[in-house]
Amino acid sequence: TDLSVERAFGKERLEGGAISVFFDKGALAMTGTGKLAGTPATLDVRQPRDGPGEIVVAMTLDDAARARKGLSFGNQLTGPMPIRVVLPLGPRKAAPRIEADLTRAAIDDFIPGWTKPAGRPGRLSFALVEGKGTELREVHLDSGPVQVRGTVALSADGNLEKAELTTFKLSPGDDLRVQLERVGGTYKVVARGNMADARPYMKGLSPGSSSAQA
């Protein structure tokens with residue numbers, strides 16, 4: 001009880017941990033609660049005797065929690081967002097998998113043309129690879145007709161640097177592939193495909209919209 005661990009998960013400190021540890025015939029299990037980056041979290045560690053294990057961390061990031069992590073997006077993303085982090089354990093270092101439930105969150109042009117009121121289902125998942133910057137691999141975003149698949153690269157200070165999106169759909173029937181690259185202070189965007197409904201994009205880029213202001 002009252003356990004504190006520096007850099008327990010990446011750079012995050014675990015505070016106020018209450019952990020139960022079980023060890024039976026070579027298999028290890030740890031379950032409990034604590035705070036990561038000041039946010040309440042549940043922890044579940046499973047390490048079988050033979051084979052890979054995993055760490056699962058679950059928490060809810062509200063506006064305040066995201067702001068503490070420097071992930072505040074203003075009116076583009078508001079409301080609580082439950083997340084689940086799955087970190088494989090084994091001799092080979094594997095990227096953690098992030099899964100976010102967007103149902104209770106409100107989206108306003110987070111992607112130009114995409115709006116979602118709180119209460120409408122939405123899910124986002126990706127593998128997180130950290131180096132000089134951060135790479136989001138195997139991105140899967142699903143929210144009604146909106147579907148995005150691909151890879152996103154962020155700089156060390158969190159700015160969007162590059163994206164390779166093999167699927168980019170905002171409306172039923174959309175068939176687009178999008179490449180985005182930061183060039184100086186602007187972005188070069190190349191979209192290719194057979195069909196796209198341009199109305200959501202034009203609305204998202206109209207004067208006064210969050211995307212236009214960004």
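Local charge for residue 156 was computed over the other residues whose Cβ lies under 11 Å away, with Lys and Arg +1 and Asp and Glu -1, and equals -2.
Sequentially through the stretch 28-34, phi angles give Karplus couplings (6.51, -1.76, 1.60; θ = phi - 60°) of 10, 9, 9, 9, x, 9, x Hz, Gly and Pro residues having no value and appearing as x. How much net charge surrounds residue 180 when only the other residues with a Cβ under 15 Å from the Cβ of residue 180 are counted, with Lys and Arg +1 and Asp and Glu -1? Residues near residue 180 contribute +2 overall.
Counting only protein chain heavy atoms and rolling a 1.4 Å probe, the accessible areas of 1, 31, 115 rank, largest first, as 1, 115, 31. Looking at the chain, the accessible area is 61 square angstrom per residue; that uses a 1.4 Å probe and ignores ligands, DNA and RNA. Applying 0.36 nm per residue to the separation of residue 2 and residue 92 and subtracting their alpha-carbon distance, the gain on full extension is 29.3 nm. Under 21 Å of direct C-alpha separation, and excluding same-chain neighbours fewer than eight residues apart, residue 116 reaches these lysines: 169, 203. Taking all protein chains as shown and a probe of 1.4 angstrom, residue 155 keeps an accessible surface of around 20 Å².
For the chain, the residue among 64, 172, 33 whose Cα projects farthest onto the positive side of the dipole built from Cβ charges is 172. A crude spin-label estimate for the pair residue 166 and residue 56, with each label 7 Å from Cα along the Cβ direction, gives 2.7 nm. Where only DSSP H runs of four or more residues are counted, the chain gives -1500 deg cm²/dmol as its mean residue ellipticity at 222 nm, each run worth -39500 (n - 2.57). Applying 1/(1 + (r/R0)^6) with r as the Cβ-Cβ distance of residue 189 and residue 24 and R0 = 35 angstrom yields a FRET efficiency of 0.05.
The calculated FRET efficiency for the pair residue 199 and residue 120, based on their C-beta separation and a Förster distance of 22 Å, comes to about 0.70. Considering only 168, 73, 23, the Gaussian network model of the chain with Cα springs below 10 Å gives its largest mean-square fluctuation to 23.
The values are calculated or read from the model by the stated rules, or taken from the named source; none is laboratory data. Keep in mind that this is a model prediction, so the values were computed, not measured. Counting neighbours? That spans all protein chains shown, and the Cβs are built from the backbone with ideal geometry, glycine included. Just so you know, the surface numbers come from the protein's heavy atoms only, side chains and all, with ligands and any DNA or RNA stripped out. Shrake-Rupley method; radii C 1.70, N 1.55, O 1.52, S 1.80 Å.
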